[in-house]
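FYI, it's all coordinate maths here, none of it is from the lab. The shown structure was predicted, so the numbers you read here are calculated from the model rather than taken from an experiment. Positions of Cβ are backbone-derived with ideal geometry, glycine not excepted, and every protein chain shown enters the neighbour counts.
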């Protein structure tokens, strides 16, 4: 459509039903409308999280580590649903563990994620939409966390390996002429320290379960979960 | 269900007089009451109990037991030419009827052919239940003939999907899936039905179904949050409503109209929200976004209080997020908490059903915002940035003119379906929508080929509701039409009164437009001069085929098509070079829309 195109053929005659609603004559041609740079501009902006940049309440979010615990129905595919959600929505996840709870038919999924606060909020809300998820939430900051690690090192100096294993309250699961396999448990810092200590022997293989967690004291681990009883976690709708 | 219906049907129904009766007595009210029925009969009984009236599908080996049970059911089955068509028809049926659509397919390729339609329903939050046949349970996982992991394939594109585990429970599973599809935020569900499950006998009768716990949330928003939002609305100087598809799904159009009119608040909609608010109302600025009106995009750029209802702030609406309604406090009403602050931060999140929350807001606002100057400004933008197109003597027929001609010739309750592309944009821009559930399109997924099967589904829905007088007009593109036009055979067989207006520009036109704007005019694979003659093709199908090349042929062809009793295809040869404008380039600022090409 050229700028100087002659206007009107039958097109906009005769009570056009178009949105302009004011007949052909009243419609300025598109080329006669103010160009983008001639239009009034707002001064405000939003950041990439869609938050209005307000000089008064400037909102910037750094990512942080969070432990998310979910009670789920133990049905086929539940893990695929959760892991599929995490990958599809590009959530940054460090580990994911699954295991039974005190209630038959219910499992607990524990995820460690590295996300901004809005990202953590999205993970919780998107997980809550999955039908088999009964309850989900972030475990409060001082949660009890632990991880299990199996570690295979070279057995050149069995006594030294044994000493380091003792130092970190580990257990020797297998000792052969060439390798020693050790089990370690603890929170992440302790595991990292232990791995540093074992490095001197030559680490051959590692298998880590990832962190799992429970809230301290009377605080429920997943929202609505009743602590200290033989189960009865609340069902959906909390 | 009498025992005879459970017998294998060996001779088929080739010469039966009336296949709907099948000679098994009254099929309507005794499902499952007998001592023994099959899993398939239990499935059909559950569907009937849930209120399903119509199914769209394609037969095949693993789904045969279900089809056999449908033989003596009150549910009308519409055989489609392709499973994708079945899914789109079911989707559109649901949009028009306000009930979940129902589609069926066999295992393997039948199920995978449904996938596009399921994904489309998922993106547009349309309630739909898909039933797929599956190989017998003992073969699952063995790569049997026509085996696909349908539950795995459709997991990310369904609200929830189920693998049926036995004839005893399959009816309840199907009933729950149907209810889940329409509970809370609607969406597609699927039940995969291994053939042994549908063939096995059971004594169990499916009961009345409900959605699973926790999936049908409280419709009311928190009262304190409503009060806070009401105060923000009262204080606004430039308030603006943004009504999304959720308004229509929640049957909240009346509440939306009442709210905006009571407080004199201008209205924009999203594309799926078209019809929630009448576009001929003075307050209405039509829809915002990439190809929305200039005045809607100006208003959304300058508002200081955006009351967004039932929208997920899709990128085609927001443009670049940094410049989206950058000065607005956002009141966001949605039934799905996960949509709150997902793309745009909500200052006032109101989680609940759009209809209820709009009523709550209408009651809570004590005083209309002082917005007279703002309304004047919006009216000024309407004058300054109207939708427009030129019709020079030396250029071919303009597609926008065709859309306007149909709009003028039809009533307000006319249902418009579309494919995806330029024609879809013109159909949404140059038609004045005034009622909900009259605009049926593929928004989120952007599925070319949606239009024809959607017209079939929409027509069947209107007829089922006793609204045979409503017109159904499908605007399609040449590329879109070619993708699913086989469903025209269904429209002919079922004698469906639909008019398909192909806006044929011999291009996959939106791509051509982008190539001209962003790829230096290099028309790679966008040239569609190789199209068949659609009017002749229509005749071959047994439909009425017309061809239009010039302005003076438009009105007579439109009239002939609308008067014709049965499906019509009009091949409108329109200007290949016409572009969709205005346009906000991807990631651009809504207020900086290009009114003409050289502003891109």
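Structure data summary
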read-out: Chain B: angle of helix B:253-263 to the longest principal axis, Cα-based, in degrees nearest 10; value: 20 degrees
read-out: Residues of segment B:286-324 with amide N under 19 Å of the 7 Å Cα→Cβ point at residue A:43; value: B:301-305, B:322-324
read-out: Between helix B:509-518 and chain B: long-axis angle, C-alpha atoms, 0 to 90°, nearest 10; value: 40 degrees
read-out: Angle between chain B longest axis and helix B:399-409 axis [Cα atoms, degrees, rounded to 10]; value: 70 degrees
read-out: Gap separating the Cα centres of segment A:108-185 and segment B:40-77, nearest whole Å; value: 50 Å
read-out: Tensor-based shape of segment B:429-477 (alpha-carbon gyration tensor, a/c under 1.5 rounded, otherwise prolate or oblate); value: oblate
read-out: Test item: A:31-43 mean partner chain Cβ contacts at 10 Å; value: 6
read-out: Length gained when the stretch residue B:258-residue B:74 is fully extended (0.36 nm per residue, less Cα-Cα span); value: 62.3 nm
read-out: Shape of chain B, Cα gyration tensor, a/c cut at 1.5; value: oblate
read-out: Prolate/oblate/rounded label for segment B:494-597 (Cα gyration tensor, a/c 1.5); value: prolate
read-out: Centroid-to-centroid separation of segment B:558-582 and segment B:404-445 [C-alpha atoms, Å]; value: 13 Å
read-out: Within chain B, helix-based [θ] at 222 nm, where runs of 4 or more DSSP H residues each add -39,500 (n - 2.57), nearest 500; value: -10500 deg cm²/dmol
